[in-house]
Amino acid sequence: MAGIEITSLHMRYPDGTVAVDEVDLSVGDGELFVMLGPSGCGKTTTLRAVAGLERQTSGTIHIGDTLVDDLPPGERDIAMVFQFYALYPHLKARDNLAFPLRAEGLPEPEVRRRVDEAARMLQLGPLMDRRPQRLSGGEQQRVALARALVRRPRAFLMDEPLTNLDAEQRADMRSQIKHLQGELGATMVYVTHDQVEAMSLGHRIAVLNQGRVEQIGTPMEVYDRPASLFCAAFIGSPPMNLLDVEVADGSLRGQGGLALPVPPGLPDRRALVAGVRPEALEVTAPGADGAVRGRVVSAEVLGDEIIYVVDCDGQRDVRVRMAPTARFAVEAPVGVRHVGGPPPVYDRDSERLVA
Amino acid sequence: MARSLVVRARPARSSGGRVRRLVEVVLLAVLAAAMLFPVLWMLETSVKENRDVYAVPAKLVGFDITLDHYRDVFVGPAGGASDLSVALLNSVVVAGASTVLATVLGVPAAWAYSRFTLRAKKDQLFFILSTRFMPPVVVVIPIFLMYRQLGLIDTQLGLILIYTAFNVPFTIWMMKGFVDQVPSEYEDAAMLDGHTRFQAFRRITLPLLLPGIAATAVFALIFSWNEFVYAIFLTSSQEVRTAPPAIAGLIGGTTVDWGLVAASACVFALPVLVFAYLVRKHLVAGVTLGAVRR
Amino acid sequence: MVLTNEHPVQEVTSTPPAPVRTSRLGDRGLAAVFISPAMLLLLAMSVFPLLWALSLSFTNYSATGSAPAEFVGFANYAEILTSEAVRRRALTTLVYVVGAVTLQTVLGFGIAYLISRRTRGRGLLTTLFLVPMMLSPVVVGLFWRFMLDAQFGVVNSMLGSLGIEPVEWLTRQETAMVSLIVVDTWQWTPFIMLIALAGLTAVPRYLYEAASIDRASEWFRFRNITLPLVWPLLLIAVMFRAIEAFRLFDLVYILTNGGPGVSTETLSFHVNKVAFLGFNTGTASAYGILMVVVVIVLAQIYLRYLNKLKED
């Protein structure tokens, strides 16, 4: 296995659009590194540059100690899993797995050994003699994964591999991938737009937006302290509440009188936004101390929790996560109060974290 | 990846690739030249003076241009309309009428086949397709006898009828593909709004089918325009003959006016090329009767 | 609707009743109306003549004779199947169809492959290559007859500039068939090319990308991605072409008129000769029916083979 160094990667197309804007990333050896962002943010383009399927305008890429910029994809010692599986349609699963090994010229016994090993790791036994059109989406993706495994590459590149699967297959594959990565200690660069996938799989996550890296950190770092308003809105389900706040007499106040604990190092500025997670709020009776008045708009009863959407004074659609024992009726007047530690605070204009 | 960028950055490539690309380009150029040369040659011939037309060795460049041959295509020796121009006009009438008729008959049928489940639909459609594959020879003889009895030999109507009969299967097959692509939900919505099935067809679906109808009609036009076998066996007189037999007749005698032949061929081929260019997007579907769609 | 003490009678303010929208034709009726005219025309102009031809084939009818037709059973069929002349034309047709279609397939696929590797100018190239196909076989025949003329044809001219003796393309038996095949290839290679190109461009790009990451050689990619995905389409195109080549009349008539002698007379040409030169209508009908039967049988076998391939 090897780490991957991406330095000042810049990718600009002839018509002027910049897909990747001076991106620096460092993937550790044996790390599952996730690139997360909405479609068009440059994550897939970056991945394809690492694979060698596209050429960067400037910047360098190292896989291990090797500078790979001028190497064709086949010589970079990487394997890739595609969004649409990319299985060779007329070959059986077994031959799909054997394909890359035969292309390299490996002797047949060795080919067979590695194919069986990969098949075992992904429980492909009964599927081996079927053609892709007779496999379900999840099964096809497992075959694609196995095909990547047989090569024993220095790094795995995954381009939204679970996007085409249904919810159940997705959850299943997620745990398989995580398990596999841990067992093999494989270096994986994983691209997705699904933040649940990113949070559950990644050792570290890079959040990308419009070709730039907004933040790199562990899942909890990205969750607790998003580096920008974009990350704050993107990570978390239901999304973070972004509340306009102002500093008054050394304390932090949201609209309608919501009291918030003051984070250390808070600058004295006008236009500030606090990122408050739904679980950092609670719904109480109206008029409680430090609470803002509001009216319940809807309640999503999810079994293990209830998500209330409350229209508060000065802020609409505030989301609050409560235990299932809470019972507030729709249209009921309530109060919303902050519980928990100091929230991350952002400058409204620069959109970046200031405290 | 949902988004596909207009121009991809080139992947890393070895220098062997550049040589290979050069070879490919050269090969393509040579083949393209071979494909186009006869056409260009005939164009050249049609504007050459007779002495250059028959020059040995053939003159590729360095000749005077004349439009005499084109004039001869349209103007007869006595000064009136030439026989060829009559033939061309006949072609226009016959091809146009048969196309219109085939469209009028074929489009509704295609729509009905697409929307409704009918008894033995697959068989019906296969039958329709198979008529297209019959060698004309088998049908020409009985049609000849039939026309003789009905007095349709050597008439425009006779040709129009047979061309329509041959264009209808093609029209049905190709249009069915187009109709399949228009969701029937549009008609359902219209019927919920109070329209009848027929009104929904006329007001909603038909306008959406216009591009498909145009493409199909062009193909029918091309077929009727180029058709030779029926034309030559079912018509004989100058007044009724269409262009293909008339032009073919130019090489009957002992001496052949190749300049005139070239000019007539070019005049005859031009409308088809123009039309084909207009429907180039549907060409694959058209030539395979809708079996293959891009 | 307002009910008050002052107005005991209801004021009707509802919308006026919808106009009667029942159509007089139900769905089935509509389908019948839409389909029948086309069907009738086809029955009259295709099925009926075919049946008539079938019945004629069992007679000795002659369209120019005044004698009424006499039933002769299978005599016509026997005569054709044992005829040396017919056998000869069958061989000619076989040579022509196999030669032309093979050449067209190889060339057509090759050109399509070359075009598919380009990123720019594809539309223009495709349009250029299509020109021969759109021309009438009459026009094509005339063009090439002029070009292949032994005396002032441009082909011999060009050969002459290379120091080669002029060839009598259309007037010598050996070269006449070659000329026919070449001209047919010139005209119809674009057909195969179009279809092959459609198949090639439909191959998903990510398959090639996966192959390039798997270090597959060009040949490997061609054999395991390109060929298997384009193969079925190509076979359909070949079938279309073979059927059309079998039916071909126009080109033979114009280019060689079956000559020199009868060396380029295909079955299609011959049957027309028998029908309209000799006016042996009965025999010609039998001839035509046999040809139809052959086409149907061969097509069925071919399609069955294709379906088997698809299932593997």
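Overview of values
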| item | result |
| --- | --- |
| All positions within the stretch A:96-108 that are surrounded by fewer than 19 Cβ atoms within 10 Å (Cβ to Cβ), modelled with pLDDT under 90 and over 14 Å from C:Tyr208 (Cβ atoms) | A:Arg102, A:Glu104, A:Gly105, A:Leu106 |
| Boolean, C:Leu114 is within 14 Å of another protein chain (Cβ to nearest Cβ), among the aliphatic types (A, V, I, L, M) and more than 29 Å from B:Val261 (Cα to Cα) | yes |
| The stretch C:162-191 - residue that is at the interface with another protein chain (Cβ under 10 Å from one of its Cβ atoms) and among the β-branched types (Val, Ile, Thr) and, of those, nearest to B:His282 (Cα to Cα) | C:Thr189 |
| Total residues in the stretch B:259-279, condition farther than 17 Å from B:Phe228 by Cβ and either part of a helix (DSSP H, G or I) or not assigned by TED's automatic domain parsing to the domain that holds B:Ala243 (or both) | 12 |
| Total residues in the stretch C:203-240, condition of a type in the set (D, E, K, R), within 33 Å of the chain's Cα centre (by Cα) and more than 10 Å from chain A (Cβ to nearest Cβ) | 1 |
| Among residues of the stretch C:159-198, those that are within 16 Å of B:Met35 (Cα to Cα) and more than 25 Å from the chain's Cα centre (by Cα), counted | 0 |
| Residue check, C:Thr119 under 24 Å from B:Arg21 (Cβ atoms) and either assigned to a loop (DSSP other than H, G, I, E, B) or among the aromatic types (Phe, Trp, Tyr) (or both) | yes |
| Selection within the stretch A:278-298 - free of Cβ contacts under 8 Å to residues at least 60 places away in the same chain, under 14 Å from A:Val339 (Cα atoms) and not in a strand (DSSP E or B) | A:Pro278, A:Ala288, A:Asp289, A:Gly290, A:Ala291 |
| Unmet requirement for B:Gly194, which otherwise passes all of (1) in a loop (DSSP other than H, G, I, E, B); (2) touching a Leu at 6+ places or on another chain (Cβ under 9 Å); (3) small (Gly, Ala, Ser) | (2) |
| Residues of the stretch B:145-164 satisfying the condition of being facing another protein chain (nearest Cβ under 7 Å) and farther than 18 Å from B:Asn226 by Cα | B:Leu145, B:Met146 |
| Criterion (outside the structural domain of A:Leu242 (by TED's automatic domain parsing), within 26 Å of the chain's Cα centre (by Cα), in contact (Cβ under 8 Å) with a residue 12 or more places away in the chain and closer than 30 Å to A:Asn209 by Cβ) met by exactly one of A:Ala355, A:Ala274 | A:Ala355 |
| Of all residues making up the stretch A:159-184, the number that are within 14 Å of another protein chain (Cβ to nearest Cβ) and closer than 21 Å to A:Arg114 by Cα | 0 |
| B:Val107 at pLDDT below 85 and crowded, with 19+ Cβ neighbours inside 10 Å | no |
| Contacts under 9 angstrom Cβ, first residue in the stretch C:25-46 being free of Cβ contacts under 8 Å to residues at least 40 places away in the same chain and more than 8 Å from every other protein chain (Cβ to nearest Cβ), partner among the basic types (Lys, Arg) and assigned to a helix (DSSP H, G or I), 6 or more apart | C:Gly26/B:Arg197 |
| Condition broken by B:Ala97, with the remaining ones in (1) closer than 28 Å to C:Thr59 by Cβ; (2) away from chain C (no Cβ under 11 Å) satisfied | (1) |
| Single residue of the stretch B:230-276 satisfying the filter (more than 10 Å from chain C (Cβ to nearest Cβ), closer than 26 Å to C:Gly153 by Cα and among the hydroxyl-bearing types (Ser, Thr, Tyr)) that is surrounded by the fewest Cβ atoms within 10 Å (Cβ to Cβ) | B:Thr254 |
| Options A:Arg321, A:Arg327: the member that is without any contact (Cβ under 8 Å) to a residue 12 or more places away in the chain and under 20 Å from A:Pro238 (Cβ atoms) | A:Arg327 |
| Candidate set: the stretch B:198-229, residues that are among the aromatic types (Phe, Trp, Tyr) and surrounded by fewer than 21 Cβ atoms within 10 Å (Cβ to Cβ); chosen: the one nearest to the other protein chains (Cβ to nearest Cβ) | B:Phe198 |
| Filtered residues of the stretch A:122-169 (kept if hydrophobic (A, V, I, L, M, F, W, C), in a helix (DSSP H, G or I) and modelled with pLDDT under 90) | A:Ala167 |
| Test result for C:Arg145, surrounded by fewer than 23 Cβ atoms within 10 Å (Cβ to Cβ) and without any contact (Cβ under 8 Å) to a residue 24 or more places away in the chain | no |
| Helices (runs of 4 or more DSSP H) fully within the stretch C:206-312 counting 1 or more residues that are touching a strand residue (DSSP E or B) at 6+ places or on another chain (Cβ under 9 Å) | C:281-311 |
| Failed item in (1) basic (Lys, Arg); (2) under 18 Å from B:Leu250 (Cβ atoms); (3) touching a helix residue (DSSP H, G or I) at 6+ places or on another chain (Cβ under 6 Å), with B:Lys48 passing the rest | (3) |
| Number of positions in the stretch B:114-135 that are crowded, with 17+ Cβ neighbours inside 10 Å and either at the interface with another protein chain (Cβ under 7 Å from one of its Cβ atoms) or not in a helix (DSSP H, G or I) (or both) | 5 |
| Count of residues meeting criterion [surrounded by 21 or more Cβ atoms within 10 Å (Cβ to Cβ) and closer than 23 Å to A:Ile78 by Cβ] in the stretch C:172-206 | 0 |
| Matching residues in the stretch C:275-287 - criterion: being more than 11 Å from C:Asn76 (Cα to Cα) and at the interface with another protein chain (Cβ under 7 Å from one of its Cβ atoms) | C:Ala275, C:Phe276 |
| The stretch A:299-338 - residue that is surrounded by 12 or more Cβ atoms within 10 Å (Cβ to Cβ) and part of a loop (DSSP other than H, G, I, E, B) and, of those, farthest from the chain's Cα centre (by Cα) | A:Ala332 |
| All positions within the stretch A:10-44 that are away from chain B (no Cβ under 12 Å) and either among the hydroxyl-bearing types (Ser, Thr, Tyr) or under 17 Å from A:Thr57 (Cα atoms) (or both) | A:Asp21, A:Glu22, A:Val23, A:Asp24, A:Leu25, A:Ser26 |
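To keep it simple, each residue is scored yes or no on (1) crowded, with 18+ Cβ neighbours inside 10 Å; (2) closer than 30 Å to A:Ser350 by Cα; (3) of a type in the set (A, V, I, L, M, F, W, C).
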residue: A:Arg112; (1), (2), (3): no, no, no
residue: A:Asp129; (1), (2), (3): no, no, no
residue: A:Leu149; (1), (2), (3): yes, no, yes
residue: A:Asp159; (1), (2), (3): yes, no, no
residue: A:Ala167; (1), (2), (3): no, no, yes
residue: A:Val196; (1), (2), (3): no, yes, yes
residue: A:Val207; (1), (2), (3): yes, yes, yes
residue: A:Gly211; (1), (2), (3): yes, yes, no
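The values are calculated or read from the model by the stated rules, or taken from the named source; none is laboratory data. The shown structure was predicted, so the numbers you read here are calculated from the model rather than taken from an experiment. Every residue, glycine among them, receives a Cβ derived from its backbone with ideal geometry; neighbour counts consider all protein chains shown.
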